[in-house]
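As structure tokens, the structure follows; a few thoughts come after it.
The values are calculated or read from the model by the stated rules, or taken from the named source; none is laboratory data. If you're wondering where the values come from, they're calculated on a predicted model, not measured in any experiment. Cβ: placed from backbone, ideal geometry, glycine included. Neighbour counts: every protein chain shown. In case anyone asks, the SASA skips ligands and DNA or RNA and just uses the protein heavy atoms, side chains included. Shrake-Rupley method; radii C 1.70, N 1.55, O 1.52, S 1.80 Å.
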Amino acid sequence: MITLYSTEGCHLCEQAFDLLVEVGVDMEQVDTADIAFNDELFSRYGVTIPVVANGLSELNWPFDASQLKNWLEDNGITYN
């Protein structure tokens, strides 16, 4: 399961989501977490979102499609 840490109205978060779609990630594998409603998440990710995470592995913004694909492959996540 991939988690996209983001918040509403974040244009960079929208770009990260679009990159996940672009590289072909099955969106059923993606859980979005809005950091605005969780003090712990806000404290951790407040100025670094968007962040894509899988377990302890995180890919922090900025990243492009190539970097995202490499991260997915490194984490054994399939995509099209």
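With protein chains left intact and a 1.4 Å probe, residues in the chain average 61 Å² of accessible area per residue. A simple spin-label model places the labels of Asp39 and His11 3.3 nm from each other, with each point 7 Å out along Cα-to-Cβ. From helices alone, the chain scores -11000 deg cm²/dmol at 222 nm; the rule is -39500 (n - 2.57) for each run of n ≥ 4 DSSP H residues, then divide by the residue total. What is the distance in Å between the Cα centres of segment 44-58 and segment 4-43? With segment 44-58 and segment 4-43 each reduced to a Cα centre, they are spaced 9 Å. Here the Gaussian network model covers the chain, with springs between Cα atoms less than 10 Å apart; of Gly24, Gly55, Gly46, Gly55 fluctuates the most.
Expressed as a whole percent, the accessible surface of the chain that belongs to carbon and sulfur atoms is 47, based on a 1.4 Å probe.
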